[in-house]
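Peer 1: Pasting in a structure now, in structure tokens, and then I'll have a few things to ask.
Just so it is clear, none of the values below were taken in a lab; they were calculated from the coordinates. Not measured: the values here are computed from a predicted model. Positions of Cβ are backbone-derived with ideal geometry, glycine not excepted, and every protein chain shown enters the neighbour counts.
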Amino acid sequence: MPEHATARITVHTYEPVPYDEPSAGPALVRIHVVERFDGDIEADGVAEFLQVSGAVDSASFVGVERVSGRVGDRSGTFVLQDVGTLDGTTVSGTWFVVPGSGTGELEGLRGEGGFTAQLGAGADVTLDYWFERGADAG
């Protein structure tokens, strides 16, 4: 049965860099993010997102993020793969733990969840997680 974790993310660095801006059609933007998780997940994250900027106040993005810290009572690192949208001032999306990415006591970590935020504010996140068989470090 999966454990349910909640946390709040505070963004420390948000660095968007356009890499393709055609005269017609959406721009493509690479975004570097450094953030902090506080709650059932106590960790630091570093992420790279690729974003398709559509009409005013809308976008679609994908990303990967290495998370370093603690989930529940276990410590280590793992990678999240994200997909999401910006609609007006609301950013939302889903993510999953990349299989095989866990290290330390988080080896064998699996999970999925999501996030919701208002632009310029922290994100509320969830992660329903479990460990693959044979990955009992606790």
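Peer 1: Dipole of the range 60-113, Cα-centred, from +1 at each Lys and Arg C-beta and -1 at each Asp and Glu C-beta, to the nearest 20 debye? Provide the component values of the computation, followed by the final result.
Peer 2: Numbers: 4 positive and 7 negative charges, 21 e Å.
It comes to approximately 100 debye.
Peer 1: Set the Förster radius R0 to 25 Å, insert the Cβ-Cβ distance between ASP128 and SER60 as r into 1/(1 + (r/R0)^6), and round the FRET efficiency to 0.05.
Peer 2: Details: r = 24 Å, r/R0 = 0.95.
Step by step, r from the Cβ atoms, then E = 0.55.
Peer 1: Something else now. Under the Kirkwood approximation for Rh and a Cα-based Rg, what ratio Rg/Rh is obtained for the range 28-138? All intermediate terms of the calculation are to be shown ahead of the outcome.
Peer 2: Working: Rg = 14.5 Å, Rh = 14.5 Å.
Ratio value, two decimals: 1.00.
Peer 1: Here's a follow-up. Taking Cα pairs under 8 Å and at least six residues apart, what relative contact order does the chain come out at, in percent? Display every interim value, and only then the final one.
Peer 2: Numbers: 383 pairs, mean separation 28.2, N = 138.
Worked out over the chain, it gives 20 percent.
Peer 1: Moving on. Based on the Cβ-Cβ distance from TYR14 to ASP73, what FRET efficiency comes out when R0 is 35 Å, to the nearest 0.05?
Peer 2: Working: r = 31 Å, r/R0 = 0.88.
Computed FRET efficiency for TYR14 and ASP73: 0.70.
Peer 1: What length, rounded to one decimal in nm, is gained on full extension from GLU21 through to ASP38, with 0.36 nm per residue of separation minus their alpha-carbon distance? Numbers along the way, then the final one.
Peer 2: On the way: separation 17, 0.36 × 17 = 6.12 nm, distance 3.59 nm.
Gain on stretching GLU21 to ASP38: 2.5 nm.
Peer 1: Given contacts defined as C-alpha pairs under 8 Å and at least six residues apart, what's the relative contact order of the range 1-73, whole-number percent?
Peer 2: On the way: 158 pairs, mean separation 19.8, N = 73.
Rounded, it is 27 percent for the range 1-73.
Peer 1: Might you report the magnitude of the Cβ-based charge dipole of the range 3-131 about its Cα centre, with Lys and Arg at +1 and Asp and Glu at -1, to the nearest 20 debye?
Peer 2: Numbers: 7 positive and 20 negative charges, 22 e Å.
In debye, rounded to 20, the range 3-131 gives about 100.
Peer 1: Give me the number: length gained by fully extending VAL98 to LEU50, i.e. 0.36 nm times residue separation minus the C-alpha to C-alpha distance, one decimal in nm. If you can, show how the numbers build up before the last one.
Peer 2: Values: separation 48, 0.36 × 48 = 17.28 nm, distance 1.74 nm.
Full-extension gain reported as 15.5 nm.
Peer 1: Can you tally the net charge around THR10? Count Lys and Arg as +1, Asp and Glu as -1, for every other residue whose Cβ sits under 11 Å from the Cβ of THR10. Don't jump to the answer; show the numbers that get you there.
Peer 2: Working: positive: ARG8, ARG36; negative: GLU35, ASP38, ASP44.
So the surrounding residues net to -1.
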